[in-house]
Amino acid sequence: MAENSPARLWSMRATYFGLAFVVFFFHLLPLQIMPSRVAGPDILTVLTFAWALRRPSYVPMLSVAVVMLLADFLFHRPPGLWALLVLLAAEWLKVRGRHVRENTFVAEWITAATALFVVTVIYRVILAVLIVTPGMLSLWVMQYGMTVAVYPLVAAISYLALGVRRSTPGEYDHTGRPL
């Protein structure tokens, strides 16, 4: 019951913001002079999806919107587009998470990969329609593959280090609502 308390809920929401700022810091840190030829994973999106599937109350809609919009500004993406798509996918995953929690981790992984694929395709299509250069397709495919591959690692670290685990079907929050 202690992990369903309001203090735990708000501390995990603050942890989400803290982890987002750590990702921002390391992403913006100038570690190389030349651009990398390998597209790295989108850790922030994976973290949001993993927490939305496992504990939806830890990543409320406003938190996801603020973090992703800030990421759009800091990472020089079209403001609001990726944030909106990730927000919609996270809300879909929250609804879908009840069914996924009863299945295996592979089902959770496939659900997150599917949501990421749909978001990525819609993002590229919208950029193409608006005649914005979306970048090389090979880098997008590489980033998608790396992001999907890193999902189990992010889920494991979230579980082992932060205690973000899937709720059980008979589990209730502090007010008596089912999780």
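The values are calculated or read from the model by the stated rules, or taken from the named source; none is laboratory data. This one's a predicted model, so the numbers in the text were calculated from it and none came from an experiment. Note that we place each Cβ from the backbone using ideal geometry, even for glycine, and neighbour counts take in every protein chain shown. Accessible surface areas use protein heavy atoms only, side chains included; no ligands, DNA or RNA. Shrake-Rupley method; radii C 1.70, N 1.55, O 1.52, S 1.80 Å.
If only one of F49, F17, F24 is buried (at least 18 other Cβ atoms within 10 Å of the Cβ) and in contact (Cβ under 8 Å) with a residue 12 or more places away in the chain, which one is it? Let's see the steps before the verdict.
Values: F17 fails: buried (at least 18 other Cβ atoms within 10 Å of the Cβ); F24 fails: buried (at least 18 other Cβ atoms within 10 Å of the Cβ).
Residue meeting the stated conditions: F49.
Yes or no: the stretch 112-126 includes at least one residue that is of a type outside the set (D, E, K, R), farther than 21 Å from V150 by Cα and exposed (fewer than 15 other Cβ atoms within 10 Å of the Cβ).
Applying the first criterion (of a type outside the set (D, E, K, R)) to the stretch 112-126 yields 112-123, 125-126.
When the remaining residues are screened for being farther than 21 Å from V150 by Cα, the result is 122, 125-126.
Those still in the list that are exposed (fewer than 15 other Cβ atoms within 10 Å of the Cβ) too: 125.
Checked the stretch 112-126: at least one residue is of a type outside the set (D, E, K, R), farther than 21 Å from V150 by Cα and exposed (fewer than 15 other Cβ atoms within 10 Å of the Cβ).
Out of P56, P78, P41, I need the residue that is under 18 Å from V23 (Cβ atoms), open to solvent by 20 Å² or more (accessible area, probe 1.4 Å) and of a type outside the set (A, V, I, L, M, F, W, C). Which one? So that I can check it myself, show each step before the final result.
Working: P56 fails: under 18 Å from V23 (Cβ atoms); P78 fails: under 18 Å from V23 (Cβ atoms).
Result of the check over P56, P78, P41: P41.
For the stretch 146-179, give me the residue count where each residue is at pLDDT 80 or above, among the polar types (S, T, N, Q) and closer than 16 Å to Y58 by Cβ. Spell out the reasoning first.
The first filter runs over the stretch 146-179 and keeps only residues at pLDDT 80 or above, leaving 146-164.
Retained after the next criterion (residues that are among the polar types (S, T, N, Q)): 147, 158.
Checking the rest, the ones that are also closer than 16 Å to Y58 by Cβ come to 158.
Looking only at that region, the number is 1.
If I ask for residues that are touching a residue at least 24 places away in the same chain (Cβ under 8 Å) and not in a helix (DSSP H, G or I), which ones from the stretch 27-46 would you list? Write out each step before concluding.
So in the stretch 27-46, the residues touching a residue at least 24 places away in the same chain (Cβ under 8 Å) come out as 27-28, 38-46.
Matches in the stretch 27-46: V38, A39, G40, P41, D42.
List every residue pair whose Cβ atoms sit under 8 Å apart, with the two residues 6 or more apart in sequence or on different chains, where the first one lies in the stretch 64-82 and is of a type in the set (A, V, I, L, M) and the second, anywhere, is open to solvent by 30 Å² or more (accessible area, probe 1.4 Å) and not in a helix (DSSP H, G or I).
Correct list of pairs: L69/P79; A71/R77.
Only one of T133, T120 is hydroxyl-bearing (S, T, Y) and not in a helix (DSSP H, G or I). Can you tell me which?
Numbers: T120 fails: not in a helix (DSSP H, G or I).
Among T133, T120, only T133 is hydroxyl-bearing (S, T, Y) and not in a helix (DSSP H, G or I).
Can you tell me which residue in the stretch 136-167 is surrounded by the most Cβ atoms within 10 Å (Cβ to Cβ), limited to those that are in a loop (DSSP other than H, G, I, E, B), within 21 Å of the chain's Cα centre (by Cα) and of a type outside the set (G, A, S)?
So the first thing to find is which residues in the stretch 136-167 are in a loop (DSSP other than H, G, I, E, B), and the list is 136, 163-167.
Those left that are additionally within 21 Å of the chain's Cα centre (by Cα): 163-167.
Okay, now just the ones that are also of a type outside the set (G, A, S), so 164-166.
Numbers: V164: 23, R165: 14, R166: 19.
Among those that are in a loop (DSSP other than H, G, I, E, B), within 21 Å of the chain's Cα centre (by Cα) and of a type outside the set (G, A, S), it is V164.
Identify, by number, the condition in (1) closer than 21 Å to V95 by Cα; (2) open to solvent by 40 Å² or more (accessible area, probe 1.4 Å) that S36 doesn't meet.
It is condition (1) that S36 fails.
When the residues of the stretch 86-110 are filtered to those that are assigned to a helix (DSSP H, G or I) and basic (K, R), which remaining residue is least open to solvent (accessible area, probe 1.4 Å)?
Among those that are assigned to a helix (DSSP H, G or I) and basic (K, R), it is K94.
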